[in-house]
Amino acid sequence: MKRILSLIVLLAVTSSLYAQSATQPTTQPATSQPTVNHSVFNHLLQKYVHHQRVDYLGIIKHDRFALGAYLKQLSMVKVERLTRNQKLAYYINLYNATMIHAVTQRYKPSYSPAADGFKIFKDKLVKLESGAVSLNDLENKIIRPTFKDPRIHVALVCGAVSCPPLLNKAYNAATVDAVLEKKMAHWLNKEPSRNRLDLKNHKLYLSQIFNWYADDFGGKDKIQSYVRKYKTLPARGIDHVFLEYDWSLNIIK
């Protein structure tokens, strides 16, 4: 009963904070911009993301309903009414929240996002106002072609250890561009398990993400040129190697 009452309160709060809804009055000025409130997700991330890992068991025990209510809120958003940066923040948060929720529903000891042939990415788990899509489709048919911004690859977190780490805060329209820029620089310079430079052996070790999505970074022959925007490399003589991807779940142990 306590959990049900908490959920009712949460739904009431998020509904009052969500400025765009199906019941939006027709008298609202045409120039008024709708907004999407991500404060619930922000709270959950701050509570359950620590040292680049996620406390999935804590979410399952205490806040599964809160996460579900947030996703329900996002499923009612009329995305076409949002500004570009509102859409970008919305889609990133939608992807990450859906992934976390999907993991909590599938969790068992030794679970991995690669389980059952990467089924978690293929099932239609993402709820949009226009209908349900898969995580793969959200990324590859909506986010990538819409924004054409390679920095989104440091923001979409697939639930695996080798993915870029999940931030402990939600993205928002006002700061999404600056946060993506900072996160790309940090990913390339401060996370040696994912990207690192070995000057002694003239090797640049890079995440498989650069290999899988090479076209987003300008093509396979332009990957190093892209990396140079964020990381100091020797003028020549450096070969890049793609690191093996660890699909173990990014769970707090």
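Please treat every number below as a calculation from the coordinates, not as lab data. Model, not experiment: these values are computed from the prediction. Cβ: placed from backbone, ideal geometry, glycine included. Neighbour counts: every protein chain shown.
Counting other beta carbons within 10 Å of each Cβ, put TRP247, TRP187, TRP212 in order, fewest first.
The order, fewest Cβ neighbours first, is TRP212, TRP247, TRP187.
Rounded to the nearest whole Å³, what is the per residue volume of the convex hull around the Cα atoms of the stretch 47-118?
About 121 Å³ per residue, rounded to a whole number.
Below 19 Å, Cα to Cα, which aspartates and glutamates can LYS47 reach? Residues fewer than 8 away in the same chain don't count.
Filter leaves ASP55, ASP63.
With a ≥ b ≥ c taken as the square roots of the eigenvalues of the C-alpha gyration tensor of the stretch 39-170, please select rounded if a/c is under 1.5 and otherwise prolate if a/b is larger than b/c or oblate if it is not?
It comes out rounded by the Cα gyration axes.
In whole Å, what is the distance between the alpha-carbon centres of the stretch 34-94 and the stretch 170-191?
17
Give me the lysines in straight-line cross-link reach of LYS127: C-alpha distance below 16 Å, same-chain residues under 8 apart excluded.
LYS72, LYS78, LYS87, LYS141
Using all Cα-Cα distances in the chain, what percent lands in each 10 angstrom bin from 0 up to the longest?
Result, from short to long distances: 6, 29, 34, 20, 8, 2, 0 percent.
At q = 0.23 Å⁻¹, what log₁₀ I(q)/I(0) does a Debye calculation on the Cα points of the stretch 182-237 give, no solvent, two decimals?
Log-scaled intensity ratios, in q order: -0.97.
Straight-line reach only, C-alpha to C-alpha below 19 angstrom: list the lysines that LYS108 could link to, leaving out same-chain residues fewer than 8 apart.
Leaving aside lysines fewer than 8 places away in the same chain, those within reach of LYS108 are LYS61, LYS119, LYS253.
Calculate one ³J(HN,Hα) per residue across the stretch 237-248 by plugging θ = phi - 60° into the Karplus curve 6.51 cos²θ - 1.76 cosθ + 1.60, and present them in order as whole Hz with x for glycine and proline.
Using θ = phi - 60°, the values come out as x, 10, 9, 9, 10, 8, 6, 5, 8, 9, 8, 4 Hz.
Among LEU199, LEU125, LEU88, which one shows the highest mean-square fluctuation when the chain is modelled as a Gaussian network with alpha-carbon springs under 10 Å?
Between LEU199, LEU125, LEU88, it is LEU199 that shows the largest mean-square fluctuation.
Per DSSP helix of 4 or more residues, -39500 (n - 2.57); summed, then divided by the residues of the chain. What does that give at 222 nm, rounded to the nearest 500? Each step should come with its number before you reach the end.
On the way: 9 runs with 96 residues, N = 253.
Calculated mean residue ellipticity at 222 nm is -11500 deg cm²/dmol.
What angle do you read, to the nearest 10 degrees and between 0 and 90, between the alpha-carbon axis of helix 176-189 and the longest principal axis of the chain?
30
Report the antiparallel proportion of the DSSP beta bridges in the chain as a percent, rounded to a multiple of 5.
65
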